[in-house]
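Enquirer: Sharing a structure with you now.
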């Protein structure tokens, strides 16, 4: 396992981050413990959760598992999504952020989290208000580094500019969706992050399991088959065509498609650590094995060519083809 810098923080994180969304849901406490130990044995020190995951149970299980290893770990959690019926138990207001973090710290059995992500863009709250919430939490020592998940490049750049103007703690990390079938981040988010020295931990590097190879079997179970949101997200026919070509590409080289999908995502120069997830240790192993695949620039380009390259930000794709 290699380690990479977390933005400009000076902190080093493993080249893979384990996402604990399955803890307390698809994985019970016993299986969660086995996966946690497998990650630690593989050298992972970076774990991602959220207050919304399984109604807080994900944080609770992770908190139980960290134990004496807490100071060796880099822990990220998130807030924004509803965590109660009250109208204010959600969003990016300072009020909600403070209350959400205090609740997360109790569940995680810790006095701070290294990273707090705002889970989604909040159209009702000015970004300046949210950034002040981050700053308050940083100054209180409850959060060390602010992060944004599912935010556009323009709003992220605005956030960085506001923080620089005000002398506030800067964003150190972003969490966009990114995979061989979801490449929009390449257009502006990844270049913007690289230009600012911001870490990137993409989620769904295997396209919600689409690129794992198992959905060639129509009876296969998984998020895409069982979750309407994932079915819609990865439902376009061309995505399934890419998945089939990708699986064949991997078979020719003796790679597990899951391993190759994670490796491809992590090979982008702006990516710090893809977020991997699993329901079982058996499923997890393929993602862990991604570190064994060394992608040359030529192989990386071959894999990228299996998919659609998104048009440039200016939409002048004809000039891109000439280049």
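Quick note: the coordinates plus some simple rules give every number you see, no bench work behind them. Bear in mind that the values here come from a model prediction, so they are computed numbers and not experimental data. We place every Cβ from the backbone using ideal geometry, glycine too, and count neighbours over all the protein chains shown.
Enquirer: Return the residues of segment 280-297 that are in a helix (DSSP H, G or I) and touching a residue at least 40 places away in the same chain (Cβ under 8 Å); say none if nothing qualifies. Full working, then the answer.
Expert: Within segment 280-297, the first condition is being in a helix (DSSP H, G or I), and the residues that meet it are 281-292, 297.
281, 284, 285, 286, 287, 288, 290, 291 - these are the residues of segment 280-297 that are in a helix (DSSP H, G or I) and touching a residue at least 40 places away in the same chain (Cβ under 8 Å).
Enquirer: Starting from residues that are farther than 20 Å from residue 8 by Cβ and part of a loop (DSSP other than H, G, I, E, B), keep the ones in segment 139-170 and report whichever is farthest from the chain's Cα centre (by Cα).
Expert: 140
Enquirer: Which residue out of 136, 111 is under 24 Å from residue 63 (Cα atoms) and in a helix (DSSP H, G or I)? Quick ask: steps written out before the conclusion?
Expert: Working: 111 fails: in a helix (DSSP H, G or I).
Among 136, 111, only 136 is under 24 Å from residue 63 (Cα atoms) and in a helix (DSSP H, G or I).
Enquirer: I would also like to ask the following. Those residues that are touching a helix residue (DSSP H, G or I) at 6+ places or on another chain (Cβ under 7 Å) and in contact (Cβ under 8 Å) with a residue 60 or more places away in the chain, I need them from segment 23-40; list them, please.
Expert: Hits for segment 23-40 are 27, 34, 35, 38.
Enquirer: Then there's this: Just to be sure I understand, how many residues within segment 171-200 are crowded, with 20+ Cβ neighbours inside 10 Å, touching a strand residue (DSSP E or B) at 6+ places or on another chain (Cβ under 9 Å), part of a loop (DSSP other than H, G, I, E, B) and touching a residue at least 60 places away in the same chain (Cβ under 8 Å)?
Expert: Final tally of qualifying residues: 4.
Enquirer: Which of the residues that make up segment 228-244 are free of Cβ contacts under 8 Å to residues at least 12 places away in the same chain and in a loop (DSSP other than H, G, I, E, B)?
Expert: Taking segment 228-244 as the starting set, the residues that turn out to be free of Cβ contacts under 8 Å to residues at least 12 places away in the same chain are 228-229, 231-232, 235-237, 241.
Within segment 228-244, 235, 236 qualify.
Enquirer: Given the structure, is residue 18 in a strand (DSSP E or B), buried (at least 16 other Cβ atoms within 10 Å of the Cβ) and in contact with a helix residue (DSSP H, G or I) (Cβ under 7 Å, 6 or more places away or on another chain)?
Expert: On the way: in a strand (DSSP E or B): yes; buried (at least 16 other Cβ atoms within 10 Å of the Cβ): yes; in contact with a helix residue (DSSP H, G or I) (Cβ under 7 Å, 6 or more places away or on another chain): yes.
Judged against the criteria, residue 18 is a match.
Enquirer: Is it the case, given these coordinates, that residue 247 is within 21 Å of residue 4 (Cα to Cα), touching a helix residue (DSSP H, G or I) at 6+ places or on another chain (Cβ under 6 Å), in contact (Cβ under 8 Å) with a residue 24 or more places away in the chain and in a helix (DSSP H, G or I)?
Expert: On the way: within 21 Å of residue 4 (Cα to Cα): no; touching a helix residue (DSSP H, G or I) at 6+ places or on another chain (Cβ under 6 Å): yes; in contact (Cβ under 8 Å) with a residue 24 or more places away in the chain: yes; in a helix (DSSP H, G or I): yes.
Judged against the criteria, residue 247 is not a match.
Enquirer: A further question follows. Would you tally the residues in segment 52-65 being under 19 Å from the mean Cα position of the chain (by Cα), closer than 11 Å to residue 106 by Cα and surrounded by fewer than 24 Cβ atoms within 10 Å (Cβ to Cβ)?
Expert: 1
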